[in-house]
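A.B. asks: My structure is below; once you've seen it, I'll send some questions.
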Amino acid sequence: VSATSRMTARPHEEADITLKASHRAMWAMGDYDRFARATVWKLGPVLVEACGITRGQRVLDVAAGTGNVAIQAALTGASVVASDLTPEHFAAGRRGAAEAGVEVEWIEGDVEALPFDDATFDVVTSCFGAMFAPNHQSAADQLMRVCRPGGTIGLIAFTPEGIGGDFFAQLAPYLAPPPAESSSPLLWGDEAHVRNLLGTRVSSLTMTRQTYVESAPSPEEYCRLFMETFGPLVAIRASLADSPDRREELDRAFSSAIVRWNGGRGDGPVEIAYEYLLVVARRAPA
Ligand SMILES: C[S@@+](CC[C@H](N)C(=O)[O-])C[C@H]1O[C@@H](n2cnc3c(N)ncnc32)[C@H](O)[C@@H]1O
């Protein structure tokens with residue numbers, strides 16, 4: 001946040017700058033690249049295929065993390081921009097793109113104020129990303145704005161009823177209360193909510209509930225992965241450094257939730273099936 005933007009910001013803008021800075025700091029903690037490669041990496045190809053991304057298209061992946069979608073999209077020959085609130089992810093993203101032999105452009109940006117002109121992209125995607133912006137309508141409006149008329153918007157979000165819902169319920173009591181005007185990220189996994197957000201600006205809208213499985217050799221290793229790498233959990237545990245009892249309470253609750261979620265055999269690897277909503281919308285032609 002530059003000194004100039006602070007001086008010229010109005011009170012609600014000032015509050016948003018502070019909020020987004022705290023979100024950025026939280027997502028920058030841990031090791032998002034290690035986390036993503038062990039969990040959500042396999043959803044990149046799912047979103048790329050669902051959106052029909054092909055060579056020559058201009059693609060924007062929003063809240064791109066370290067590039068699970070962006071790198072996969074670039075492998076098709078598309079021209080890809082990866083944008084995220086947290087530029088701390090970009091070094092790993094650049095490394096991953098280089099290892100995959102593709103070029104991706106990395107640009108810092110808040111999904112509620114995307115730094116791109118109207119109608120710049122043929123396809124706009126976001127995997128478990130845009131859902132975390134507090135103002136859903138402004139995020140939806142921005143995704144729509146930067147997509148060209150007739151272009152495609154593809155989103156993946158946890159459903160409220162799936163294990164992702166329970167996962168975030170475990171963390172919520174330990175996070176700072178969200179601002180009054182913000183909505184739960186899980187609503188992006190609700191069909192009626194998404195239909196309302198995109199409104200009449202789409203010419204087609206398909207929404208399918210699907211699952212993907214996260215696995216680890218044991219419940220203890222799955223738990224350790226999250227505690228070492230998943231920014232929000234790393235941030236919460238750091239904030240409880242002076243409250244060891246609460247931290248232990250969280251750790252116990254999280255460990256027993258993993259046992260509850262585990263669909264694998266008790267003595268074998270952990271297998272946790274997360275339900276998500278896959279949304280593919282076409283922006284109505286001009
Ligand atoms: C769960 S991660 C998903 C990252 C990536 N899409 C993936 O599937 O691995 C959520 C991402 O959203 C980003 N994010 C959170 N709030 C954001 C906002 N307001 N604008 C843009 N990105 C945001 C975080 O920095 C983080 O990279």
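The values are calculated or read from the model by the stated rules, or taken from the named source; none is laboratory data. None of these values were measured; they are calculated from a predicted model. Cβ: placed from backbone, ideal geometry, glycine included. Neighbour counts: every protein chain shown. We work out accessible area using only protein heavy atoms, side chains counted, and drop any ligands, DNA or RNA first. Shrake-Rupley method; radii C 1.70, N 1.55, O 1.52, S 1.80 Å.
A.B. asks: Inside the range 115-130, can you point out the residues that are within 15 Å of the ligand (Cβ to nearest atom) and either farther than 22 Å from V40 by Cβ or not in a loop (DSSP other than H, G, I, E, B) (or both)?
C.D. replies: P115, F116, V123, V124, T125, S126, C127, A130 - these are the residues of the range 115-130 that are within 15 Å of the ligand (Cβ to nearest atom) and either farther than 22 Å from V40 by Cβ or not in a loop (DSSP other than H, G, I, E, B) (or both).
A.B. asks: Here's something else I'd like to know. Please state which one of L114, L60, L75, L47 is touching a Cys at 6+ places or on another chain (Cβ under 6 Å) and at pLDDT 95 or above.
C.D. replies: L47
A.B. asks: Scan the range 119-147 for residues that are surrounded by fewer than 18 Cβ atoms within 10 Å (Cβ to Cβ) and free of Cβ contacts under 8 Å to residues at least 60 places away in the same chain and jot them down.
C.D. replies: Correct list: A119, N135, S138, D141, R145.
A.B. asks: How many residues does the range 31-42 contain that are buried (at least 17 other Cβ atoms within 10 Å of the Cβ), in contact with a Phe, Trp or Tyr (Cβ under 8 Å, 6 or more places away or on another chain) and part of a loop (DSSP other than H, G, I, E, B)?
C.D. replies: 1
A.B. asks: Right, another one. Might you let me know whether the range 233-247 holds any residue that is within 17 Å of F167 (Cα to Cα) and not in a helix (DSSP H, G or I)?
C.D. replies: Let us first name the residues in the range 233-247 that are within 17 Å of F167 (Cα to Cα), namely 233-237, 247.
Then keep just the ones that are not in a helix (DSSP H, G or I); that gives none.
No.
A.B. asks: Also, quick follow-up: When you go through (1) in a loop (DSSP other than H, G, I, E, B); (2) farther than 25 Å from V279 by Cβ one by one for A91, which number turns out not to apply?
C.D. replies: (1)
A.B. asks: Within the set of pairs 6 or more residues apart or between chains, which connect a residue that is without any contact (Cβ under 8 Å) to a residue 60 or more places away in the chain and open to solvent by 60 Å² or more (accessible area, probe 1.4 Å) inside the range 208-230 to a residue that is assigned to a loop (DSSP other than H, G, I, E, B) and of a type outside the set (K, R) with Cβ atoms less than 8 Å apart?
C.D. replies: From residues that are without any contact (Cβ under 8 Å) to a residue 60 or more places away in the chain and open to solvent by 60 Å² or more (accessible area, probe 1.4 Å), the pairs are S215/G264; S215/P269; P217/P269.
A.B. asks: Report, ordered by the first and then the second residue, all pairs with beta carbons closer than 8 Å, sequence separation of six or more or different chains, a first member in the range 151-167 that is within 21 Å of A50 (Cα to Cα), and a second member that is part of a loop (DSSP other than H, G, I, E, B).
C.D. replies: Pairs that qualify, where the first residue is within 21 Å of A50 (Cα to Cα) and the partner is part of a loop (DSSP other than H, G, I, E, B), are G151/A119; T152/C51; T152/G52; G154/C51; I156/F128; A157/F128; F158/F128; T159/D190.
A.B. asks: Checking the structure you have, find out if any residue of the range 175-184 is more than 15 Å from the ligand (Cβ to nearest atom), free of Cβ contacts under 8 Å to residues at least 24 places away in the same chain and out of contact with any strand residue (DSSP E or B) (no Cβ under 7 Å at 6 or more places or on another chain).
C.D. replies: Looking for residues that are more than 15 Å from the ligand (Cβ to nearest atom), free of Cβ contacts under 8 Å to residues at least 24 places away in the same chain and out of contact with any strand residue (DSSP E or B) (no Cβ under 7 Å at 6 or more places or on another chain), one finds at least one in the range 175-184, hence yes.
A.B. asks: Could you check R195 against (1) part of a helix (DSSP H, G or I); (2) surrounded by fewer than 17 Cβ atoms within 10 Å (Cβ to Cβ); (3) in contact with a Gly (Cβ under 8 Å, 6 or more places away or on another chain) and say which number it fails?
C.D. replies: Every listed condition holds for R195 apart from (3).
A.B. asks: How many residues are exposed (fewer than 14 other Cβ atoms within 10 Å of the Cβ) and in contact with a Gly (Cβ under 7 Å, 6 or more places away or on another chain) when one looks only at the range 103-118?
C.D. replies: Adding up the residues that qualify gives 1.
A.B. asks: OK, next. Regarding G65, is this residue assigned to a loop (DSSP other than H, G, I, E, B) and either aliphatic (A, V, I, L, M) or out of contact with any strand residue (DSSP E or B) (no Cβ under 9 Å at 6 or more places or on another chain) (or both)?
C.D. replies: When the stated conditions are applied, G65 does not pass them.
A.B. asks: Answer yes or no as to whether D141 is more than 24 Å from F35 (Cβ to Cβ), in a strand (DSSP E or B) and more than 12 Å from the ligand (Cβ to nearest atom).
C.D. replies: Working: more than 24 Å from F35 (Cβ to Cβ): yes; in a strand (DSSP E or B): no; more than 12 Å from the ligand (Cβ to nearest atom): yes.
Judged against the criteria, D141 is not a match.
Conditions (1) within 11 Å of the ligand (Cβ to nearest atom); (2) open to solvent by less than 10 Å² (accessible area, probe 1.4 Å); (3) farther than 15 Å from G154 by Cβ, marked per residue:
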{"site": "L19", "(1), (2), (3)": "yes, no, yes"}
{"site": "M29", "(1), (2), (3)": "yes, no, yes"}
{"site": "G44", "(1), (2), (3)": "yes, yes, no"}
{"site": "A50", "(1), (2), (3)": "no, no, no"}
{"site": "R58", "(1), (2), (3)": "no, no, no"}
{"site": "S79", "(1), (2), (3)": "no, no, yes"}
{"site": "T86", "(1), (2), (3)": "yes, yes, yes"}
{"site": "H89", "(1), (2), (3)": "yes, no, yes"}
{"site": "G101", "(1), (2), (3)": "no, no, yes"}
